[in-house]
Amino acid sequence: MKKTKKNKNKITHFEKFLYFITILLLISSPLIVVFEKSTLSKVNYEVEKIKKKITIQEKENESLQMKINELASLENIQKVIKDKGLEYNNDNIKNID
């Protein structure tokens, strides 16, 4: 009688490589997700910080615009004219067509 050789279930190099890649993906996937979420959180924080600066600047712009309108008012101009010793003379105004 001949002895039959038993085939051992050997793992091939390709199977080892596939196992390695699978384990690597299983380990790295959660790490990548956490990294991406932290990056997103940081970006959102920066966006909120910039929005706050924009709001502050818009309020300052509105305040300055109101001050410009106040200083450019006819009453204020007439007050400055009187303080400087000038007078409004309608006869000296010429219209050009």
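The values are calculated or read from the model by the stated rules, or taken from the named source; none is laboratory data. Quick caveat: nothing in here was measured; it's all calculated off a predicted structure. Note that each Cβ is placed from the backbone with ideal geometry, even for glycine, and that neighbours are counted across all protein chains shown. The area values use the complete protein model at the heavy-atom level, side chains included, leaving out ligands, DNA and RNA. Shrake-Rupley method; radii C 1.70, N 1.55, O 1.52, S 1.80 Å.
7 Å from Cα along Cα→Cβ at both residue 92 and residue 67: what's the point-to-point distance in nm?
Result for the modelled spin labels: 3.1 nm.
Within region 1-90, which trypsin sites (Lys or Arg not before Pro) sit in a loop by DSSP and count at most 12 neighbouring Cβ atoms inside 10 Å?
Answer by residue number: 2, 3, 5, 6, 8, 10, 84.
Using r as the Cβ-Cβ distance of residue 56 and residue 23, and R0 as 41 Å, what FRET efficiency do you calculate, to the nearest 0.05?
After rounding, the FRET efficiency stands at 0.20.
Counting other C-beta atoms within 10 Å, and keeping those with at most 16, which DSSP coil GluC sites (Glu not before Pro) do you find in region 30-87? Walk me through the numbers on the way to the answer.
Working: sites: 36, 46, 48, 58, 60, 62, 70, 75, 87; in loops: 87.
Sites meeting the loop and neighbour criteria: 87.
For region 49-97, what is one quarter of the convex hull surface built on the Cα atoms, given in nm²? Mind dumping the intermediate values first?
Details: hull surface 24.3 nm².
Approximately 6.1 nm², given one-decimal rounding.
How much accessible area per residue does the chain have, counting only protein heavy atoms and a probe of 1.4 Å, in square angstrom? Don't jump to the answer; show the numbers that get you there.
On the way: 10650 Å² over 97 residues.
Per-residue accessible area for the chain comes out at 110 Å².
For region 31-97, state which chymotrypsin sites (Phe, Trp or Tyr not before Pro) are in a DSSP loop and have at most 16 other beta carbons lying within 10 Å of their beta carbon.
Details: sites: 35, 45, 88; in loops: 88.
Of the chymotrypsin sites (Phe, Trp or Tyr not before Pro), the ones in loops of region 31-97 whose Cβ has at most 16 other Cβ atoms within 10 Å are 88.
Rounded to the nearest 0.05, what FRET efficiency do residue 9 and residue 34 give with R0 = 35 Å and r taken as the Cβ-Cβ distance? Could you check?
Between residue 9 and residue 34 the formula returns 0.40.
With all protein chains present, how much of the accessible area of the chain (probe radius 1.4 Å) comes from carbon and sulfur, to the nearest whole percent?
Solvent-exposed carbon and sulfur of the chain make up 61 percent of the total.
Pick from 61, 44, 76: which residue has the top mean-square fluctuation in a GNM of the chain where Cα pairs under 10 Å get a spring?
76
Considering the alpha-carbon set of the chain alone, what are its Rg and its Dmax in angstrom?
Every Cα atom of the chain included, Rg and Dmax give 40.4, 138 Å.
Roughly how many debye, to the nearest 20, is the charge dipole of the chain about its Cα centre, given +1 on each Lys and Arg Cβ, -1 on each Asp and Glu Cβ, and no other charges?
2340 debye
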